[in-house]
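Contents: one structure, followed by commentary.
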Amino acid sequence: MPLPERSYKTDALVLSSRPLGEADRLIELLTWERGKLTAVARGARKVKSRLAAGVDLFTYGHYQLHRGRSLDLITGLEVKEHFTAFREDASLYPFGLFLAELTGRLVRSAEPAPEPCLLLLEGWRLLCDETLVLSGRMLLCRAFELKLMASTGFRPHLEGCLLCDAAEALYFSPSQGGLLCCSCSGGDAARLSAGTAVLARRLLEAPLEQVKMLRPLAVQMRELAAIAAAFRRYHFEIGELRSIQLIKLLNPGSKC
Ligand SMILES: [Zn+2]
């Protein structure tokens with residue numbers, strides 16, 4: 001009987017990277033075939049390590065791994081894309097981090113995740129567009145979040161009342177997962193302005209690269225941020241992410 005194959009190769013995006021022990025790094029990878037996985041890069045913090053180049057957050061690469069007893073080991077890698085803009089521009093960093101943090105929380109381990117992988121790759125690329133201003137970055141994050149929820153099985157209901165199908169539905173209930181009409185509203189449902197529901201639908205349906213063409217009102221962005229936070233809290237028990245704390249710190253008065 002041949003021995004079970006313990007090595008494998010995969011394309012992946014680095015969601016997080018932290019020091020481990022004297023010279024290693026513990027990294028979280030988002031992979032096409034195996035969803036989220038945690039791996040150790042031995043010696044990656046040594047200057048001469050051949051792994052050092054590809055184990056930082058915001059890296060897209062091709063990785064060779066060896067299945068370990070508890071954690072897999074990275075044995076080789078080839079960097080395909082380094083999103084260095086996130087490191088070079090302190091104002092941009094928390095937006096890239098937001099995409100990574102959210103993906104890390106929503107995508108499960110050991111399940112194929114091709115859609116979240118493509119979405120994160122495209123999201124990072126679009127955020128690095130130098131012409132994008134603060135409102136454009138915020139809008140991209142909101143659209144990314146809605147699309148990521150949809151691709152991981154948590155698509156919010158944004159077309160009419162989710163209970164009675166009434167066309168006019170302007171109340172959003174995080175616990176019920178979507179819009180409700182006036183008669184069905186209650187509980188945690190919050191009233192939205194008419195444009196906010198339309199905006200949310202467009203962000204969910206439009207290709208990510210077209211989102212920057214939208215010009216939402218400040219009130220719509222504020223309402224959208226509030227329902228996104230409530231939805232995250234209710235369904236994923238996600239409190240305030242570090243990225244959101246940083247965005248608020250760097251942009252006082254902004255709503256994210
Ligand atoms: Zn209803």
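The values are calculated or read from the model by the stated rules, or taken from the named source; none is laboratory data. Treat the numbers as computed from the prediction; the structure is a model and nothing was measured. Glycine also receives a Cβ, built like all others from the backbone with ideal geometry; neighbour counts cover every protein chain displayed.
Structure notes:
- Failed item, numbered, when Leu132 is tested on (1) at pLDDT below 95; (2) under 25 Å from Pro216 (Cβ atoms); (3) assigned to a helix (DSSP H, G or I): (3)
- One residue stands out in the stretch 151-175 among those that are within 22 Å of the chain's Cα centre (by Cα), touching a residue at least 12 places away in the same chain (Cβ under 8 Å) and part of a loop (DSSP other than H, G, I, E, B): the one that is farthest from the ligand (Cβ to nearest atom), namely Thr152.
- Any hit, the stretch 104-116, residues being more than 16 Å from the ligand (Cβ to nearest atom), part of a helix (DSSP H, G or I) and among the basic types (Lys, Arg): yes
- Boolean, Ser185 is within 16 Å of the ligand (Cβ to nearest atom) and either under 25 Å from Leu119 (Cβ atoms) or modelled with pLDDT of 95 or more (or both): yes
- Residue check, Leu132 within 16 Å of the chain's Cα centre (by Cα) and either more than 16 Å from the ligand (Cβ to nearest atom) or at negative phi (or both): no
- Residue satisfying all of: in the stretch 3-41; more than 27 Å from Glu111 (Cβ to Cβ) and over 25 Å from the mean Cα position of the chain (by Cα); surrounded by the most Cβ atoms within 10 Å (Cβ to Cβ) among these: Ala23
Yes/no per residue for (1) within 20 Å of the chain's Cα centre (by Cα); (2) of a type in the set (Asp, Glu):
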{"site": "His66", "(1), (2)": "no, no"}
{"site": "Glu78", "(1), (2)": "no, yes"}
{"site": "Ala85", "(1), (2)": "yes, no"}
{"site": "Glu88", "(1), (2)": "no, yes"}
{"site": "Phe98", "(1), (2)": "yes, no"}
{"site": "Arg105", "(1), (2)": "yes, no"}
{"site": "Leu119", "(1), (2)": "yes, no"}
